[in-house]
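K.L.:
Below are the structure tokens for one structure; questions will follow.
Read-outs: derived from the displayed coordinates by stated rules, not from any lab. The structure presented is a predicted model; accordingly, all values stated were derived computationally and were not measured. Cβ coordinates were reconstructed from backbone atoms using ideal geometry, including for glycine residues, and neighbour counts include every protein chain displayed.
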Amino acid sequence: MPSLLFLVIAGAVAVALLFYWGVTAQSRKHLAREQALARMGFSPCPDREAWLEETVTGIENNREYRYEVRDPKCLSGTSPVYYYIKRRYHHGHEDSYVEEEILFALKRPSAAGLVLVVKPSSLAPGLATRMLGTIATGPWDAQPDDLQRLELPMDLRNTNLVGALGPPGASLYDLVDSPTLGVIQGLGDVGGMFVRFRDAWCVVASTSKQIPFRADEVVSRIRPLL
């Protein structure tokens with residue numbers, strides 16, 4: 001019996017330590033993120049939260065989900081850049097999917113919706129990247145209601161762009177220009193693997209815990225588009 005009691009106590013202590021280490025790691029990550037954003041000049045903008053939620057909902061264009069924006073921050077300038085945490089809820093469910101996002105205004109040839117999926121440069125083109133593009137642009141309920149998978153132009157195959165969603169029958173180059181595509185293809189290296197466009201807006205979103213979303217580097221890379 002004493003041995004069993006010891007095992008129970010040891011197990012409880014191990015669980016408590018794992019929980020503590022997890023919370024501590026998350027706190028360090030949050031603090032590092034806040035410090036990096038502050039160094040870049042981002043400042044809290046709680047007054048823009050409702051506007052950001054409305055804008056994000058329009059960009060997503062998905063009747064099955066609702067969206068919350070938390071902890072919004074703004075980098076002021078000729079063209080402001082917004083950082084925030086987005087929570088996506090399926091209607092009727094309490095669980096949410098969380099993403100970090102950067103939103104900014106962007107001029108392009110079309111105001112139609114567009115979603116681009118990009119990979120890190122470290123992942124070589126091949127079967128795995130083709131599967132990634134196919135899965136990411138599949139008919140999931142989280143995809144925009146009005147978009148479907150687009151065929152990638154031949155000159156963009158075997159690049160960091162692995163998938164695209166757009167209006168039925170659209171050509172990718174009718175929706176976005178080559179200079180913008182050149183910038184977008186580098187965002188997978190800093191955690192921005194999903195890039196969403198609609199109207200005058202562009203959103204760069206995190207998708208993977210394995211590839212940290214480095215907001216400061218995302219902003220540095222999109223500066224030619226601002």
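K.L.:
First select every other residue whose beta carbon is under 13 angstrom from the beta carbon of SER96; then total the charges, Lys and Arg +1, Asp and Glu -1.
P.N.:
Spelling it out: positives minus negatives among the neighbours equals +1.
K.L.:
Something else: Please give the net charge around VAL183, taking every other residue with its beta carbon less than 10 angstrom from that of VAL183, where Lys and Arg add +1 and Asp and Glu add -1.
P.N.:
+2
K.L.:
Under the classification rounded if a/c is under 1.5, otherwise prolate if a/b is larger than b/c and oblate if not, where does the stretch 78-226 fall, given a ≥ b ≥ c as square roots of the Cα gyration tensor eigenvalues?
P.N.:
rounded
K.L.:
Could you point to the residue in LEU172, PRO144, VAL190 farthest towards the positive end of the stretch 85-226's charge dipole, with +1 and -1 charges on the Cβ of Lys/Arg and Asp/Glu respectively?
P.N.:
Most positive-ward Cα: VAL190.
K.L.:
Now, a different point. Mind listing the phi-derived Karplus ³J(HN,Hα) values for the stretch 133-148, rounded to whole Hz, using 6.51, -1.76 and 1.60 with θ = phi - 60°, and x for any glycine or proline?
P.N.:
Result, ordered by residue: x, 5, 5, 5, 9, x, x, 6, 6, 7, 6, x, 5, 9, 10, 9 Hz.
K.L.:
Rank-order 130-140, 51-61 by packing density, defined as the average count of other C-beta atoms within 10 Å over each peptide's residues, highest first.
P.N.:
Most protected by this proxy first, the peptides run 51-61, 130-140.
K.L.:
Summing Lys, Arg as +1 and Asp, Glu as -1, what charge do residues with Cβ under 14 Å from the Cβ of LEU132 carry, LEU132 excluded?
P.N.:
Around LEU132, the charge tally is +4.
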